[in-house]
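The values are calculated or read from the model by the stated rules, or taken from the named source; none is laboratory data. This is a predicted model, so every value here is computed, not measured. Backbone-built Cβ (ideal geometry, glycine too); neighbour counts: all protein chains shown.
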Amino acid sequence: MARIVQDGAMPREIPDVENLEVAAYFHPARYIGGDFIRFLGSENRQRLGLLIGDVCGKGVPAALIMAVVFCLFKEKSSLTKDPAELMSEVNVSLKEFLGAGSHFNSTALWGVFNVAAMEFIYANAGHDFPLHYSAKTDSFSELPSTGTLLGIFKESQYTARTVKIETGDRLYFYSDGLLDYFEALYKCEDGYLFLKEYFKSKNNDSPANIVKDLAKSINNSSECATDDITLTIIQIK
């Protein structure tokens, strides 16, 4: 039953948005897990909303809390609402649901691609820093967190940041399970540094092929994933 709940939070299809190429991958560490991802498209195909997050813990408890967080975002999400305002609303609702004594919390990032304005505006509640690859400068930059984890403090404040995007740029969104996997597979000390080099080596590959190669690597690896792995790649065409 928990797996059914989790499957409902995974994208059945990715909305078609003009000039955006999107690929997504999810691999649970167990039969069920705590990562979640959601896309929201606009009718004019000019905007794409992205939600990605990771509930602390694994198994049935994490999956059920994940369902709560996911439903709160689904109820409140809007492609025109300030992402910081949305994050604050979800945080208050989650804390009220969990109660003062709860130890559950969740990372989350909500952002909206506006193709007409060529910008990405987001709020990040403690989730792993996404990477923005600039085709113009051939370099990566981080999109830092803009607030604390969801469900810890009812009074938490969040801010929104705007990132200018250009044709050829890519944004990589992932969960920490991917870093753990790279560290275990390649015996590297810093999975984040390896991650940047890995994505840089894939600059000539399409997002779909990168996801396909990663899925093949994980499925054929002798290293068992110890945490849920989620990856979304969005390229501006």
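A compact table of results
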item	result
Pair list, Cβ under 9 Å, 6 or more apart: segment 215-237 residue under 30 Å from ARG45 (Cβ atoms) and buried (at least 24 other Cβ atoms within 10 Å of the Cβ), other residue among the aliphatic types (A, V, I, L, M) and at pLDDT below 80	ILE229/ALA29
Residue tally, condition crowded, with 17+ Cβ neighbours inside 10 Å and more than 9 Å from ILE165 (Cβ to Cβ), over segment 116-130	9
Tally of residues being surrounded by 15 or more Cβ atoms within 10 Å (Cβ to Cβ) and within 20 Å of TYR192 (Cα to Cα) across segment 131-148	8
Pick from segment 54-106, criterion charged (D, E, K, R) and not in a loop (DSSP other than H, G, I, E, B), ranking: nearest to LEU40 (Cα to Cα)	LYS74
Among residues of segment 1-29, those that are assigned to a loop (DSSP other than H, G, I, E, B), hydrophobic (A, V, I, L, M, F, W, C) and modelled with pLDDT of 65 or more, counted	4
Filtered residues of segment 134-158 (kept if acidic (Asp, Glu) and assigned to a loop (DSSP other than H, G, I, E, B))	ASP138, GLU155
From the options LEU179, LEU171, LEU231, residue that is among the aliphatic types (A, V, I, L, M) and either in a helix (DSSP H, G or I) or under 30 Å from GLU96 (Cβ atoms) (or both)	LEU179
Options GLU75, GLU43, GLU89: the member that is under 16 Å from ALA160 (Cβ atoms) and out of contact with any Gly (no Cβ under 7 Å at 6 or more places or on another chain)	GLU89
Test: residue in segment 122-133 that is under 22 Å from LYS74 (Cβ atoms), of a type in the set (Ser, Thr, Tyr) and part of a loop (DSSP other than H, G, I, E, B)	no
Failed item, numbered, when SER175 is tested on (1) closer than 26 Å to PRO15 by Cα; (2) surrounded by fewer than 16 Cβ atoms within 10 Å (Cβ to Cβ); (3) of a type outside the set (D, E, K, R)	(2)
Residue tally, condition over 30 Å from VAL90 (Cα atoms) and either of a type in the set (A, V, I, L, M) or touching a helix residue (DSSP H, G or I) at 6+ places or on another chain (Cβ under 7 Å) (or both), over segment 130-139	1
Among the residues listed as LYS74, LYS81, LYS95, the single one being surrounded by fewer than 21 Cβ atoms within 10 Å (Cβ to Cβ) and within 17 Å of the chain's Cα centre (by Cα)	LYS74
